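Accompanying notes for the structure given below.
The values are calculated or read from the model by the stated rules, or taken from the named source; none is laboratory data. Predicted model only: the values in this text are computed from it and were never measured. Cβ sites come from the backbone with ideal geometry, for glycine too, and all protein chains shown count toward neighbours. Protein only, heavy atoms only, side chains kept; ligands, DNA and RNA dropped before computing areas. Shrake-Rupley method; radii C 1.70, N 1.55, O 1.52, S 1.80 Å.
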Amino acid sequence: MPLGGGNQCGRCQKTVYFAEEVLCDGRSFHKSCFLCMVCRKNLDSTTIAVHMEEVYCKACYSKKYGPKGYGYGQGAGTLSMDRGESLGITHEEPAPHRPSSNPNPSKLAQKFGGSDKCPRCGKAVYAAEKVIAAGSAWHKIGCFTCATCNKSLESTTQADKDGEIYCKACYGKHFGPKGFGYGQGAGALVNTQ
């Protein structure tokens, strides 16, 4: 280790201090210098390939030094950025971008294709927080509650009427049968007049 604190970077030849050091193949690199020699993507222990003291991502390494020909990553079953310009093929320019006609004002919703609106709070409901009931998407936390008693609901404990959701007890009180024999508890009589 030279005077001054650290090893020399394998890319920029400047001093590499411990906090920014990445070790590879017995050499030290700055985290910001630990890039593929071809595409300049950041590398880590799962994406690195070394050849003659040069570091590459696995994709660039296989393109440069891997086997060539059919069945070795160059055939029809692989993705390639080669558009055929070397063969004289020309491509039309893509059509200009047209803004979405999505009425949802959320920038994320416009970018990722929109979302449902929660009938309780009126805000966007995304997949990670969505519960479907009464033909609508609800927020699982805070909105998927009984309209009367505000009790948190589950898909098995909810009942719906006219687009609103209720717990089974409140639904029975409001919309269940009334009269003698349909009491509100053990032996209760209800006056329905």
Only Lys, Arg (+1) and Asp, Glu (-1) charged, at Cβ; region 1-66 dipole about Cα centre in debye: 300 debye
Segment Q13-K161, length gained on full extension (0.36 nm per residue, minus Cα span): 46.1 nm
Å² per residue, accessible surface of region 1-66 at 1.4 Å: 68 Å²
Percent accessible area from carbon and sulfur atoms, region 1-66, protein chains only, probe 1.4 Å: 55 percent
Distance (nanometres) between label positions extended 7 Å along Cα→Cβ at C121 and R27: 5.2 nm
Portion, in percent, of the accessible area of region 130-175 that falls on carbon or sulfur, probe 1.4 Å: 49 percent
Solvent-accessible area per residue, Å², over region 130-175 with all protein chains present [probe radius 1.4 Å]: 57 Å²
Per-residue SASA entry for R120, accessible area with 1.4 Å probe, Å² rounded to 10: 80 Å²
By accessible area with a 1.4 Å probe, ligands and nucleic acids excluded, highest first: order of L23, L43: L23, L43
